[in-house]
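Structure record follows, encoded as structure tokens.
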Amino acid sequence: MTRSDDQTDLLAIPPLQRTLVQAVVACFEPRVEVLAAVVVGSLAKGKVDRVSDVDVLFMVEPGFHRDGQPCIDRFLAGREVFHCWQGAHGNEGYYWRYIFYDFTSIEIHLIDVNAEFPLARPYLPLFDKTSCIRALEVDGPAPSHWDFPAYMAEGGGLVWELFDCLKWAERGQRGLVRHHLRKLLAEMDKDPNIGDRA
């Protein structure tokens, strides 16, 4: 098994987020079907504050993404969940997004190792049992919040998106909040399940 050579990177993550990273890795790494894991997003970029979410991507044997719930359940033991948004990356992956009552949050992605899933730098390797991480690397910058789609999963991610807007507002990123809310409202107007309320 190949681990990150620079474990000081993990130590640089604030304690609340580091606890989540270590806990979710402890639940998934022992499974032989789980081949590698990386942290992406703001933690990998070193732009972290109290409410930054944790983004962990696990590369798994094909099909194992459908069998990850027991590991998720172990990770959640003893944690109070405010919101969960779960979905699929096509036929090759699942994701779980959790907001907890202490204002921490995490995205857990299980992606089949043979999927075409681009991995842009920077990222923080956590472990790599089969040296598969480098094969996923692509050129170019990582996705930006400015480019994120709005009203994802036909509204299934609405709470998560509003939580993101709340975090951005707290950081003074008002332009980003306005930009995303405009996209969000435009997409919500297309939803036939939303009617006028008296």
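The values are calculated or read from the model by the stated rules, or taken from the named source; none is laboratory data. Quick caveat, the model's predicted, so the values are computed rather than measured. Here Cβ is always computed from backbone atoms with ideal geometry, including for glycine, and neighbour counts include all displayed protein chains. Just the protein is used for accessible areas: all its heavy atoms, side chains included, with ligands, DNA and RNA removed. Shrake-Rupley method; radii C 1.70, N 1.55, O 1.52, S 1.80 Å.
Annotations for the structure displayed:
- Of all residues making up region 11-58, the number that are among the aliphatic types (A, V, I, L, M), open to solvent by 30 Å² or more (accessible area, probe 1.4 Å) and touching a Pro at 6+ places or on another chain (Cβ under 6 Å): 1
- Of the residues making up region 160-180, those that are assigned to a helix (DSSP H, G or I) and surrounded by 15 or more Cβ atoms within 10 Å (Cβ to Cβ) number 11.
- Residue in region 55-76 that is in a strand (DSSP E or B), touching a residue at least 60 places away in the same chain (Cβ under 8 Å) and either under 29 Å from Glu170 (Cβ atoms) or of a type in the set (S, T, N, Q) (or both) present: yes
- Total residues in region 105-145 satisfying the condition of being modelled with pLDDT of 90 or more, surrounded by fewer than 20 Cβ atoms within 10 Å (Cβ to Cβ), touching a Gly at 6+ places or on another chain (Cβ under 9 Å) and among the hydrophobic types (A, V, I, L, M, F, W, C): the figure is 2.
- Gly41 vs. criteria at positive phi and at pLDDT below 95: yes
- Just one of the listed residues (Tyr98, Tyr94) is in a strand (DSSP E or B) and in contact with an Asp or Glu (Cβ under 9 Å, 6 or more places away or on another chain), namely Tyr98.
- Test: residue in region 81-94 that is open to solvent by 50 Å² or more (accessible area, probe 1.4 Å) and among the polar types (S, T, N, Q): yes
- Some residue of region 24-42 being over 24 Å from Thr130 (Cα atoms), outside any strand (DSSP E or B) and within 15 Å of the chain's Cα centre (by Cα): yes
- Residue in region 104-115 that is under 27 Å from Ala12 (Cα atoms), assigned to a loop (DSSP other than H, G, I, E, B) and among the charged types (D, E, K, R) present: no
- The residues listed here are Phe64, Phe28; of these, the one that is in contact with a Cys (Cβ under 7 Å, 6 or more places away or on another chain) and at pLDDT 95 or above is Phe28.
- Set Arg18, Arg50: member being basic (Lys, Arg), under 26 Å from Glu170 (Cα atoms) and not in a helix (DSSP H, G or I): Arg50
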